[in-house]
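To start, the structure under review is shown below, and the notes come after it.
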Amino acid sequence: MAAISLENLTKRYGDVSANDGITLAVEEGEIFGYLGPNGAGKTTTIRQLLGLIKPTEGTATVLGADIRNRKALTEVKADLGYLPDELGFDERLTGNQALDYFARMRGDQRREELLELFHPPLAKKIETYSAGNRRMLGIVQAFMHDPELVIMDEPTAGLDPLKQDRLHQFLAEEVASGTTIFFSSHILSEVQRVCDRVGIIREGQLVALEDIEKLLDRSGKHVWLHLRDDVVENEFVTEEMINVEITDNAIQFTYTGDYNSLLSHLTSYAIDDIEISNPQLDDIFKHYYSEEFTEET
Amino acid sequence: MTAIFRLESKKRVRGSVILVAVFAVLSAMYFSIFPEYEEDAEALIDAFPEYMLDFFGLEALHTIEGFIAAEIYSFFWVLLVGIYFAYISAGMIVKDIDRRRMDLTLSNPVSRESVILQKVASLWVPLVILNTGVPVIVYGGSVLIGNTINPEAIVLVHLLSVPYLLVCAGIGILCSVLIDRVRTAQATAFGLVIVLWLIDSASALDEEYEWVGDLTPSRYYDETAILVREEYAYADAGLLTLAFVFLLGVSVLLFIRRDIH
């Protein structure tokens with residue numbers, strides 16, 4: 001059974017579709033990246049999954065509960081963790097009091113263990129917290145009842161790089177022990193590092209749904225070359241090379257064709273230096289957001 | 001599932017205690033001036049224009065019961081405490097949505113019905129604190145000046161005000177689920193309680209329009225009748241309770257259906 005399953009999920013505000021017929025499934029025990037720029041509709045999807053807003057069309061299930069069935073959805077929330085992008089705590093409570101409050105509703109068997117990894121100043125009032133402390137408190141409340149599924153919206157916002165690494169490592173361990181993570185972010189490198197699969201959302205529509213690896217394969221290799229002589233563009237560049245940039249004897253491009261033909265093509269040149277690597281998700285992302293893509297749709 | 005109820009109840013304590021303190025100060029003032037006032041009461045009351053007495057529903061002002069009903073209950077209790085209940089109720093839902101607290105609350109296994117009902121139930125705190133503190137102060141004050149008020153009447157002037165205050169809370173909670181901006185919701189609830197009270201008072205001046213006041217909650221709570229004439233209108237209190245249940249029911253239904261942005 002899928003932990004989360006969206007079927008034609010649609011939310012319209014007047015003529016604007018914040019979510020436009022999104023269909024996807026998040027399998028149990030995977031960490032699924034939900035990627036898109038701010039305003040693409042990621043939070044709209046999450047708010048529907050939590051039952052905060054109702055879909056205009058279509059539906060979704062969360063841990064088997066249809067989001068249109070309020071009672072069923074309320075029940076499965078005992079096994080759900082949620083880390084919102086904007087953390088609305090009761091400012092006048094201390095960190096400890098806030099955790100006590102959530103613990104009364106859904107338990108806190110892992111609270112101490114989590115507080116060793118993420119340690120906001122629990123005795124202080126939340127109104128005095130920095131963004132990082134606030135986020136750490138949010139992480140603890142999202143995981144302390146040992147949920148089956150955790151929905152995270154921009155989870156590293158406000159965390160310093162060290163704590164971000166700690167969170168990424170923690171998530172990897174959680175997923176290894178069977179937790180499902182829905183990881184919504186606009187930060188591409190982060191999703192690339194953390195997630196197994198990724199859904200890319202753009203203007204309310206799902207434009208790609210793939211394994212990170214496959215996405216990287218399909219998007220070819222990034223090639224950087226230093227030739228002994230200046231590059232002659234119309235002689236060197238083939239159809240399989242995209243995003244070509246040439247400066248004197250240096251050239252870089254994304255190669256989308258067969259690797260053997262690239263290598264035999266290169267043997268006819270004198271090469272000083274070469275680097276072939278996976279493209280950053282940023283480059284792939286550019287592809288989905290390029291004008292070319294807009295025309296296709 | 002009482003986490004919300006417990007947290008909300010704690011939040012209500014401070015405001016309730018402050019209000020009791022305000023009533024303590026007011027009572028101290030009125031009880032201390034009463035003995036002197038009593039001597040010239042007749043002359044003073046004659047100087048009041050008739051419509052003023054009708055407007056506030058005052059009578060027997062020369063007695064301690066009439067005086068306290070007029071000074072403490074007609075205005076401060078009915079209006080001030082009524083506004084307090086409407087105002088805090090008006091913040092209950094819209095403020096949590098605005099501050100993003102509702103998102104986290106509703107990520108717990110708790111239904112929306114339960115959230116709103118637990119919040120409204122936290123009003124037991126001001127109801128108990130005010131209705132214990134203030135009658136004790138009023139009774140004690142009357143004993144101190146050697147002009148004891150019938151304690152049964154004091155108990156009932158408070159007990160029968162509970163449904164009235166709940167209707168004010170009902171107005172507030174309805175504003176809280178209907179209106180998207182915190183300030184607007186609170187100002188609307190605040191304003192409605194004042195306007196309804198004014199309509200009740202003003203309509204009492206003219207027999208032809210008196211029926212208009214039948215649509216206002218304060219019409220069904222008569223502090224002067226209770227304290228001065230010891231008339232206890234239980235049926236009116238029942239009507240107010242029904243009105244509260246209706247307002248709360250509509251609020252719950254609206255809250256369940258709405259999107260939380």
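The values are calculated or read from the model by the stated rules, or taken from the named source; none is laboratory data. Just so you know, these numbers come straight off a predicted model, no measurement behind them. With ideal geometry, Cβ positions are generated from the backbone for all residues, glycine too; neighbour counts draw on all protein chains shown. These accessible areas exclude ligands, DNA and RNA; they are computed on the full protein's heavy atoms, side chains included. Shrake-Rupley method; radii C 1.70, N 1.55, O 1.52, S 1.80 Å.
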Item to check | Cα-projected label distance for residue A:168 with residue A:57, points at 7 Å along beta-carbon direction, nm | outcome: 3.9
Next on the checklist: Give the A-B buried accessible area in Å², both sides summed, 1.4 Å probe, nearest 100.
Outcome noted: 2600
Next on the checklist: Just to be sure I understand: of the beta bridges DSSP finds with both ends in segment A:2-216, what percent are antiparallel, rounded to 5?
Outcome noted: 55
Checklist entry - Considering only Cα-Cα distances, which of the following residue pairs are longer than 32 Å: A:77/B:11; A:42/A:214; A:163/B:119; A:71/A:214; A:163/B:11? => result A:163/B:119; A:71/A:214; A:163/B:11
Checklist entry - Counting only other chains, what is the mean number of Cβ atoms within 10 angstrom of the Cβ of each residue in peptide B:96-107? => result 6
Checklist entry - Using the Kirkwood formula over every pair of different C-alpha atoms, what hydrodynamic radius in Å results for segment B:205-249? => result 11.8
Checklist entry - Hey, what do the phi angles of segment A:244-250 turn into as Karplus ³J(HN,Hα) couplings, whole Hz, using 6.51/-1.76/1.60 and θ = phi - 60°, x for Gly and Pro? => result 6, 10, 10, 10, 6, 9, 9
Item to check | Point-charge dipole on Cβ atoms (K/R +1, D/E -1) for segment A:27-71, about Cα centre, debye to 20 | outcome: 360
Item to check | Beta bridges by DSSP in the protein assembly as shown, antiparallel share as percent, to the nearest 5 | outcome: 70
Item to check | Cα Rg over Rh - chain B, Kirkwood | outcome: 1.01
Checklist entry - Taking Cα atoms, how many degrees apart are the long axis of helix B:182-203 and the longest axis of chain B, rounded to 10 and kept between 0 and 90? => result 30
Next on the checklist: What is the angle, in °, between the Cα long axis of helix B:161-178 and the longest principal axis of the Cα atoms in chain B? Nearest 10 is fine, range 0 to 90.
Outcome noted: 30
Next on the checklist: Considering only C-alpha atoms, what is the centroid distance from segment A:164-241 to segment B:185-229, in Å?
Outcome noted: 68
Checklist entry - If one puts a single equal scatterer on every Cα of the protein assembly as shown and applies the Debye formula without solvent, what log₁₀ I(q)/I(0) results at q = 0.08, 0.10, 0.12 Å⁻¹? => result -0.69, -0.90, -1.10
Checklist entry - Other chains near A:83-90: what is the mean number of their Cβ atoms within 10 Å of each residue's Cβ? => result 5
Checklist outcome for this item: Partner aspartates and glutamates whose C-alpha sits under 19 Å from that of residue A:11, ignoring same-chain residues fewer than 8 away, are A:20, A:57, A:66, A:153, A:203, B:103, B:259
Checklist entry - To the nearest Å, what is the center-to-center distance of segment B:108-132 and segment A:61-94, using C-alpha atoms only? => result 21
Item to check | Ratio of the Cα radius of gyration of chain A to 2.2 N^0.38 Å, where N counts its residues | outcome: 1.19
Checklist entry - What's the angle, to the nearest 10 degrees (0 to 90), between helix B:82-92's Cα axis and the longest principal axis of chain B? => result 10
Next on the checklist: To check my understanding: the extent here is largest minus smallest coordinate of the Cα atoms along each principal axis. What are those three numbers for segment B:106-261, in Å, largest first?
Outcome noted: 58, 41, 28
Item to check | Per-residue [θ]222 nm for chain A (sum of -39500 (n - 2.57) over DSSP H runs n ≥ 4, rounded to 500) | outcome: -9500 deg cm²/dmol
Checklist outcome for this item: The size of the Cβ-based charge dipole (Lys, Arg +1; Asp, Glu -1) of the protein assembly as shown about the Cα centre, to the nearest 20 debye, is 1540
Checklist entry - Once you charge only the Cβ atoms, +1 for Lys and Arg and -1 for Asp and Glu, what is the size of the charge dipole of segment B:1-60 about its Cα centre, to the nearest 20 debye? => result 1240
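Gain in length, residue A:264 to residue A:116, computed as 0.36 nm per residue apart minus the alpha-carbon separation, to one decimal in nm?
Details: separation 148, 0.36 × 148 = 53.28 nm, distance 5.49 nm.
Net length gain for the segment: 47.8 nm.
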Item to check | Measure of compaction for segment A:220-278 (Cα Rg per 2.2 N^0.38 Å) | outcome: 0.99
Next on the checklist: From the convex hull of the Cα coordinates of segment B:1-106, what is the mean projected area in square nanometres?
Outcome noted: 9.1
Checklist entry - With each run of n ≥ 4 DSSP H residues scored as -39500 (n - 2.57), what mean residue ellipticity at 222 nm is computed for chain B after dividing by its residue count and rounding to the nearest 500 deg cm²/dmol? => result -23000 deg cm²/dmol
Checklist outcome for this item: Taking R0 as 22 Å and r as the Cβ-Cβ distance between residue A:244 and residue A:211, the FRET efficiency 1/(1 + (r/R0)^6), rounded to the nearest 0.05, comes to 0.20
Item to check | Computed label-point distance, nm, for sites residue B:254 and residue B:22 using a 7 Å Cα→Cβ extension | outcome: 2.5
